1. Output the residues belonging to the chain that are surrounded by 13 or more Cβ atoms within 10 Å (Cβ to Cβ) and not in a helix (DSSP H, G or I).
2. Could you grab the pairs with beta carbons closer than 7 Å, sequence gap of 6+ or different chains, first residue in segment 14-32 and closer than 18 Å to residue 47 by Cα, second one surrounded by 14 or more Cβ atoms within 10 Å (Cβ to Cβ) and at pLDDT below 80?
C-alpha cells in the first residue's frame with residue numbers, strides 16, 4: 001500500500017466508525033482516538049492524530 005492509500009483507508013475507517021457508532025460527544029471522540037492510537041505503532045501516531053483532526057473538522 002502506498003502512504004496515500006493507507007491514509008485514505010484510515011480516514012474511511014474513521015468516518016465509518018463515527019457514523020456507525022454515533023460518536024458525537026467530545027468524550028466519545030477522545031475514546032475513539034485513544035483506540036486508534038492503542039492499536040497502532042507509535043511511529044504512526046502523528047499521522048493518525050493529523051488525519052483524525054482532518055476528519056472531525058470537516
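The values are calculated or read from the model by the stated rules, or taken from the named source; none is laboratory data. From a predicted model like this one, the values you see are computed outputs, not experimental measurements. Glycine also receives a Cβ, built like all others from the backbone with ideal geometry; neighbour counts cover every protein chain displayed.
1. 23, 40 - these are the residues of the chain that are surrounded by 13 or more Cβ atoms within 10 Å (Cβ to Cβ) and not in a helix (DSSP H, G or I).
2. Short answer, once both residue conditions are applied: 17/23; 29/23; 32/23.
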